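Below is one structure, written out as structure tokens; comments come after it.
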Amino acid sequence: MKSILPLALPLIAALGLSACKDQAAAPEDIRPVRYMTAGGNAEIGGDSYAGEIRARHETQLAFRVAGKVVAKLVNSGERVKKGQPLARLDPSDYQLDLAAKQAQLAAAESDLAQQQLNLKRYRELLAKQFISQAQVDGQQNGVNAAQAKVNQARAALSASRNQTGYATLTADADGVVSQMQAEPGLVVAAGQPVARLSQDGAREIAIQVPENALEGVRQAGAFRVTLWKGGAPLEGKLRELAADADPATRTYPARIALAGDSHALQLGMTATATLPARASGELKLPLTALLDLQGKQYVWTIDGQSLRVSRKPVTVASIDDSGAVIASGVRPGDKVATAGVHLLREGQRVKLLEQ
């Protein structure tokens, strides 16, 4: 054993040196990565407002006289024609008043006929010198007064006929009854709205605008309108923006007029009006380029000469479906890894794949 040990030591040392050489000669781990060159390609999306399809012209319908509703002739959602009856009031009182006005007119016309007959007789007596001219003039004045009473009675009769006609509520135009509250038995006052008529024609989007977005909505040249039911987007333009806020919601009602043929849109459909996107000086990267560590965001930048990666913290301004807008941390022209960011390590050498 003593003679073998001196011979084995050099051999063990030689084997150890050989292993160290093999370990030092191990190839470096070069990871292939996809990348992109950062550039000022970001757009800030415009604000969106939910709304509903409404008619360009909406009319609140009301009886022009007071009374009790005795008939409801249409229901909400029904299509009506101009002049079509919608509801009726009890016409008894108005019919009685009409009969009284007709009797007053008949009495006034009878009195006028009598006064005219008397005037004719007075003129015959004046020709025979049986009466004076003053008596004839007095009778002429009686005829004029009787004629005025006839005119008054006729005007009162016309007004009574109108009042009787007002007991029937009719549609002002072709359209759809979007709301009907005139139920039988309801006692209404003159001018109290009982129905809403959405007239046929152009359609609009009714939205509510918060006070901090008034200027942006007012200056917007066009809106992109999308329907929740799907379909191609529509173009819209601001037509009306209220000057006063709604007392309940504290928002400002606005109307977006739709371009093109919008007659086929159904009233009450839900839609979204979006302001145009505006360009920004910020950078946009795909979501796969972000590395999230303990609530902070990083990206891997690639040195163009050494092809080694370096982790840099970034500030994300906004995120949407198309990527993340980077406010700071990346400069235009930087090469940024866009895939496998969780597998990289600081200073690691990489192989660039296609952008």
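Check off (1) more than 29 Å from Gly175 (Cα to Cα); (2) in contact with a helix residue (DSSP H, G or I) (Cβ under 9 Å, 6 or more places away or on another chain) for Val217 and give me the number that stays unchecked.
(2)
Give the number of residues within the range 303-328 that are small (Gly, Ala, Ser) and more than 26 Å from Asp47 (Cβ to Cβ).
3
Output the strands (runs of 3 or more DSSP E) that fall wholly within the range 245-355 and possess 1 or more residues being within 26 Å of the chain's Cα centre (by Cα), or say none. Even if it seems obvious, please write down each step before you answer.
Working: elements: 252-258, 270-274, 283-285, 291-293, 296-302, 309-313, 315-320, 323-328, 335-337, 350-352.
Correct list: 252-258, 270-274, 315-320.
Throughout, read-outs are computed from the coordinates displayed, never taken from laboratory work. Since the model is a prediction, treat every value here as computed from it, not as a measurement. Using ideal geometry, Cβ is built from the backbone for each residue, glycine included, and neighbour counts are taken over all protein chains shown.
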